[in-house]
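Undergrad: Before we start, here is the structure in question, set down as structure tokens.
The values are calculated or read from the model by the stated rules, or taken from the named source; none is laboratory data. Only a predicted model underlies this, so the values are computations on that prediction, with no experimental measurement involved. Counting neighbours? That spans all protein chains shown, and the Cβs are built from the backbone with ideal geometry, glycine included. Surface areas here come from the heavy atoms of the whole protein model, side chains and all, with no ligands, DNA or RNA. Shrake-Rupley method; radii C 1.70, N 1.55, O 1.52, S 1.80 Å.
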Amino acid sequence: MSHVVWSQWEDLVVPEGFTRLTPSTTPLATSDLSAITFFVPEYMSSKSLLEYSKQMPSLQYLQVPNAGFDDAIAYLRKGVVLCNARGVHNASTAELGVGLAITARRGFADFAKAQQQGDWLHTQYASLNDSNIAIIGAGSISQTLQNYLAPYDVTITVYSRSGANNSKLMTELDKDLHTFDIVFLIMPLNEDSRNMFDARRLTLMKDGALIVNIARGAVINTDALVAELNSGRLYAALDVTDPEPLPKGHPLWSAKNCIISPHVGGDSTAFISRGKRLIEEQLIRLSQGEEPINIVARG
């Protein structure tokens, strides 16, 4: 069976008999989209691009370029299969997670501010080494993060709902939280994880602990986090926030002990080749009569 494929890549290799559409040949805002059967919204585009799927009556596969797919669920309908980009962002996101942790622990933000003032700020900060680390989430990014942390002298404990990949069950987290110097969040956003780190759970964290969020902003209760940060008790390094984008003047911008990057975890040069390769492999599978991988929901 042939497919009409829309993606952001002008040089995407498609199987014989497949049709390749791109922003230059078929702008979503001004084109007839009725023939599209395989739709890949542009990476890091706004939610508005998902709206165009409503103009695709022939759509069979909605392939999001993100690992997270919560925004796309609302656009499923009968006959449409939703796939995510599991694996594509492992390297970039895990890399950023380690970078945020080191930045926060070693005081890089303070050094950068001091440099702007021409100040020689010689201060001792905490090391990543000798840290007791929790990783909440046991998926593919979590596994890559564990590999990236392996060269350091750290202890790592992984938690998940299922206990997959030798992780501990989430039901054990609360009794352990007070022991961790660093807590990485890298789980999908769903009704179980939304607001998981609320005021009660944040109070269970060790004084001086760092929470690194490379999952979704709504996993942490923002108001509760701001209160903890401004008390000076906790530290945070956030690639995601709630709300997002974080509006100017929001109290999280000026909270103490907080580093914020603007949701760039997966958005590095490492995405380009990996993202395109996933789509090409998906199309090969379809051309051979097989199902694509990374199916997360069916309409």
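Undergrad: Take the alpha-carbon centre of region 13-89, take the same for region 270-296, and report the distance between them in whole Å.
TA: 13 Å
Undergrad: Looking at region 126-218, what % of the alpha carbon pairs are farther apart than 18 Å? Could the numbers behind the result be given before it?
TA: On the way: 1717 of 4278 pairs.
For region 126-218, the fraction of Cα-Cα distances above 18 Å is 40 percent.
Undergrad: In deg cm²/dmol, rounded to 500, what helix-only [θ] at 222 nm does the chain give when every DSSP H run of at least 4 residues adds -39500 (n - 2.57) and the total is split over its residues? Walk me through the intermediate numbers first.
TA: Values: 8 runs with 78 residues, N = 299.
My calculation for the chain gives -7500 deg cm²/dmol from helical runs alone.
Undergrad: Over the chain, average the accessible area per residue using a 1.4 Å probe and give it in Å², no decimals. Numbers along the way, then the final one.
TA: On the way: 14550 Å² over 299 residues.
Normalised by residue count, the accessible surface of the chain is 49 Å².
Undergrad: Taking all protein chains together and a probe of 1.4 Å, list 32, 174, 11 from the most accessible to the least accessible. Write down the numbers at each step before the final one.
TA: Numbers: 32 125, 174 50, 11 90 Å².
I get 32, 11, 174, largest accessible area first.
Undergrad: Let me ask another. Putting +1 on Lys and Arg Cβ atoms and -1 on Asp and Glu Cβ atoms, find which of 227, 8, 26 reaches farthest to the positive end of the dipole of the chain.
TA: Looking along the dipole axis, the top candidate is 227.
Undergrad: Test of understanding: what is the full-extension gain from residue 171 to residue 199, defined as 0.36 nm times their sequence separation minus their Cα-Cα distance?
TA: In short, 8.3 nm is gained.
Undergrad: What nm value, rounded to one decimal, do you get for the distance between residue 115 and residue 74 when each label is placed 7 Å out toward the C-beta?
TA: A separation of 4.1 nm, rounded to one decimal place.
Undergrad: Counting only other residues whose beta carbon sits under 14 Å from that of residue 169, what net charge do I get with K and R as +1, D and E as -1? List each step's numbers first, then the result.
TA: On the way: positive: 161, 168, 175; negative: 172, 174, 176, 192.
Once all neighbours under 14 Å are counted, the net charge is -1.
Undergrad: Suppose each label sits 7 Å from its Cα in the direction of the beta carbon; what would the residue 125-residue 161 distance come out to in nanometres?
TA: According to this spin-label approximation, the distance is 3.5 nm.
Undergrad: In degrees between 0 and 90, to the nearest 10, how far off the longest principal axis of the chain does helix 140-149 point, with axes built from Cα atoms?
TA: 40 degrees
Undergrad: What's the local net charge at residue 130, with K and R +1, D and E -1, over the other residues with C-beta under 11 Å away?
TA: -1
Undergrad: While we're looking at this one, here's another question. Counting Lys and Arg as +1 and Asp and Glu as -1, what is the net charge of the other residues whose Cβ lies under 11 Å from the Cβ of residue 223?
TA: Details: positive: none; negative: 198, 228, 242.
Result for the local shell: -3.
Undergrad: Under a 5 Å amide H to amide H cut-off, with H placed in plane at 1.01 Å, what residues pair with residue 158 once short-range neighbours are removed?
TA: 135, 168
Undergrad: What spacing in nm lies between the two simple spin-label points modelled at residue 19 and residue 231, each 7 Å away from Cα in the Cβ direction?
TA: Result for the modelled spin labels: 6.0 nm.
Undergrad: Sticking with this structure for a sec: Within 10 Å of each candidate Cβ there may be at most 16 other Cβ atoms; applying that plus a DSSP loop requirement, which GluC sites (Glu not before Pro) in region 131-236 survive? Write down the numbers at each step before the final one.
TA: Values: sites: 172, 191, 228; in loops: 191.
Qualifying residues, ordered by number: 191.
Undergrad: Using θ = phi - 60° and the Karplus form 6.51 cos²θ - 1.76 cosθ + 1.60, what ³J(HN,Hα) does each residue of region 86-98 get, whole Hz, x for Gly and Pro?
TA: 3, x, 5, 9, 3, 5, 5, 6, 5, 4, 5, x, 5
Undergrad: Taking the full set of protein chains and a 1.4 angstrom probe, give the accessible area of residue 281 in square angstrom, rounded to the nearest 10.
TA: 90 Å²
Undergrad: OK, next. Pop the C-beta distance of residue 51 and residue 132 into the FRET formula with R0 = 51 Å and round what comes out to the nearest 0.05.
TA: Working: r = 45 Å, r/R0 = 0.88.
Working from the Cβ atoms, E equals 0.70.
Undergrad: Report the Cα-based extents of the chain along its three principal axes, largest first, to the nearest Å.
TA: 62, 45, 34
Undergrad: Which value, in debye to the nearest 20, gives the size of the charge dipole of the chain about its Cα centre, when Lys and Arg are +1 and Asp and Glu are -1 at the Cβ? Show your work: numbers first, answer last.
TA: Values: 25 positive and 31 negative charges, 61 e Å.
Dipole magnitude for the chain comes out near 300 debye.
Undergrad: Taking chymotrypsin sites (Phe, Trp or Tyr not before Pro) as candidate sites, keep only those in a DSSP loop with at most 13 other Cβ atoms within 10 Å, then name the longest stretch of the chain containing none of them. Don't skip to the end; give the middle numbers.
TA: On the way: sites that count: 120, 125, 253.
Here the longest segment lacking exposed loop sites spans 126-252.
Undergrad: Are there trypsin sites (Lys or Arg not before Pro) in region 191-236 that DSSP puts in a loop and that have at most 13 other Cβ atoms within 10 Å, and which ones? Could you put the intermediate results ahead of the total?
TA: Values: sites: 194, 200, 201, 206, 216, 233; in loops: 194, 206, 216, 233.
Sparse-neighbourhood loop trypsin sites (Lys or Arg not before Pro): none present.
Undergrad: List nothing, just return the count: lysine pairs in the chain, 8 or more apart or interchain, with Cα separation under 23 Å.
TA: Pairs that pass both the separation and distance tests number 10.
Undergrad: Would you mind telling me which residue in 255, 227, 150 has the biggest mean-square fluctuation in a Gaussian network model of the chain, where springs connect alpha carbons within a distance under 10 angstrom?
TA: 150
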